[in-house]
Structures are given as structure tokens and as C-alpha cells.
Amino acid sequence: MISTKKQPQRATIYNMKVIIISAFSFIIGACLGSFLCCQARRFRRKELGQKPLGRRSVCNHCHYKLKWYDNIPIVSWLILKGKCRKCGKKIGLAELLSELGTGITFVMLTLYAIIVGGYQVFLSRTSYLAGPPLPLIIAMGIVLFILVLSLIFLAIYDGLYGELPSLCLTFSITCAIIMLTLKEWAILSISSFTPELIYKPLLSFLILGGIYLVLYLISKGRWVGDGDWLLGAAIGLTLFEPWLALVALFLANITACLVMYPIVKSKKNHHVHFGPFLVVAFVITLSFSKFFLSML
């Protein structure tokens, strides 16, 4: 019998582990956000056939090669007050938002993994008693990690330039299909086949991808871009559940309305870059999927 005196102590140790892992996840996410924002700018120059910026990060205005202490995520931006150390011109909010957003995303997905039990082996050193094989779970985690990075890249690129590169969209959809295959394999490893394995991801695909495709065709690209439905399709396949796809659809539209309404109202014919809102909705929906599914 476990002593009741040890239970609060174990809970404290467990919470400390969660805090440490979350802090580490934020730092890694912020670093990756800075990297992805930089790569989005490099990819844009390559797409336009412009001269490459080189291997090191540079100021977008004077091309000053940034020192290592100018590249510390979030901290450097705050110390320099969002300006270049040499020319004094504004760096912009894209870098800061990318670093903060990716850091928060990693924290949310880390907590999601802890809640659903993915990290229980490492946190409490207990054996994985039931469920899919551990190698399959690790494979799903790796694919999800790559998929999230690709979606964040698309969100940054769309936020900066109002476009979703077809190459990156194809890569994201491929990752989503692999993720779906692994998830169905995991389900089949612990249960028998049911029709839900077919119609659920199909419905989820149609809800997010199909609706945006219809909106694009009806408006001829005025309401949503031609890449938004493909991004929605990748997210729908990953979420798997039609109910989660509906939640993501609602969150994406409500956040876009709240954030973009003042801008659209002041600037006529302003095109809404919808990609970032879809990715934000995906992260929120996936992170709180257990809560949203409990509402059914």
C-alpha cells in the first residue's frame, strides 16, 4: 500500500517535471519560430528569383549581418525595441509573433501529449500497460512534429506575403496522410475495424477542405485563397474527428473576424490572409481535443 504522505510529494515532483518540460518546449519552439520566419523570407526571395541573403541572418533593410546576441529569440527583439542595431529601421512584428506563437504552440502540444498519456513513460517511469506499441506512438509524434512545423511555416509565409506555396502545401498534406495512416494503424492495433475509420477522416476532410473549396469557387478567390482549402484539408485529415473539424472551422472564422474586422473596415478591398487563423485554430483544437470531444 502506498503511503498517503508520499502522494503530495510525488504530485509536486510530477508538476515540476511538467513545468521544466514545458519551459524547455517553449525555448525550443521560440528558436524554431525564429528559424522558420527566416526561412520564409529566404524562400520568398528564391521564389522571386532574387539574390540570396547568405547563410547568416541579416537585416531586411541594410543587410547587416546579425551577431549571435541579436538572434536570441524574443529577448533580442525586446532589447532592440524591434529595430535594427545598425540602421535603426523597424524589424517588424513578424519575427516576434513567430517566436512567441511557435513557443506557445510547443507548450500547448507538450501539455496535450502529457494529458493524453504520451509522456507518462518519461514522467512517472511507469510501463505502457495498454494501447498501441510504443514505436508506433513515437512515429506518430515525429510525424506530428514535422507536420506542425510545416503548418507554422505556411502560417508565417501567408501572414507575410498572402500566399501559400504549393510545394509546402503538398508536403503538409503528405504528412497529414502519413499521420492519418499511423493513427488508423494504432487504432487497429488495439481494436477491430469499424466503418468510422473510413467516414470520420473523410467527413473531417470535407468539412475543412470542402467548405473552403466551395467558398473559393463561389467567390472566385475573393473570400479565401486557392491554397486555403488545401491547408484546411491537411488539418482536417490530421484532426480525424468531424466534430473537431467543426470546432477548428468555427475557431478559425471567429478569430479571423475578431482580428481582421477593424483592418478590413478601415481598408477597403483588403484580402484576409486566412492561413494563420487556420493554423491557430488547429493548434487550439488539437491541444484541447479531449475537452472538445467530451462535449459530445
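The values are calculated or read from the model by the stated rules, or taken from the named source; none is laboratory data. Keep in mind that what you see is a predicted model, and the values were worked out from it rather than measured. Cβ sites come from the backbone with ideal geometry, for glycine too, and all protein chains shown count toward neighbours. Ligands, DNA and RNA are excluded from the accessible area calculation, which covers all protein heavy atoms including side chains. Shrake-Rupley method; radii C 1.70, N 1.55, O 1.52, S 1.80 Å.
Here is how the numbers come out for the structure above:
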item: Pairs with Cβ under 9 Å, 6+ apart, first in segment 77-100 and without any contact (Cβ under 8 Å) to a residue 24 or more places away in the chain and aromatic (Phe, Trp, Tyr), second surrounded by 14 or more Cβ atoms within 10 Å (Cβ to Cβ) and assigned to a helix (DSSP H, G or I); result: Trp77/Glu95; Trp77/Leu96; Trp77/Glu99
item: Residue count, segment 186-204 (criterion: among the hydroxyl-bearing types (Ser, Thr, Tyr) and either in contact with a strand residue (DSSP E or B) (Cβ under 7 Å, 6 or more places away or on another chain) or touching a residue at least 60 places away in the same chain (Cβ under 8 Å) (or both)); result: 0
item: Selection within segment 21-49 - modelled with pLDDT under 90 and open to solvent by 80 Å² or more (accessible area, probe 1.4 Å); result: Lys46, Glu47, Leu48
item: Unmet requirement for Lys220, which otherwise passes all of (1) open to solvent by less than 70 Å² (accessible area, probe 1.4 Å); (2) farther than 19 Å from Leu293 by Cα; result: (1)
item: Test set (1) open to solvent by less than 30 Å² (accessible area, probe 1.4 Å); (2) more than 24 Å from the chain's Cα centre (by Cα) - Ile74 fails condition number; result: (2)
item: Residue under evaluation Ile146, criteria (1) β-branched (Val, Ile, Thr); (2) open to solvent by 50 Å² or more (accessible area, probe 1.4 Å); (3) not in a helix (DSSP H, G or I), criterion not met; result: (3)
item: Hey, Ala186 modelled with pLDDT of 90 or more and closer than 19 Å to Lys290 by Cβ or not; result: no
item: Segment 281-296 residues that are farther than 24 Å from Ala155 by Cα and at pLDDT below 90, paired with ones that are open to solvent by 20 Å² or more (accessible area, probe 1.4 Å) and among the acidic types (Asp, Glu) (beta carbon under 8 Å, 6 or more apart); result: Leu293/Glu241
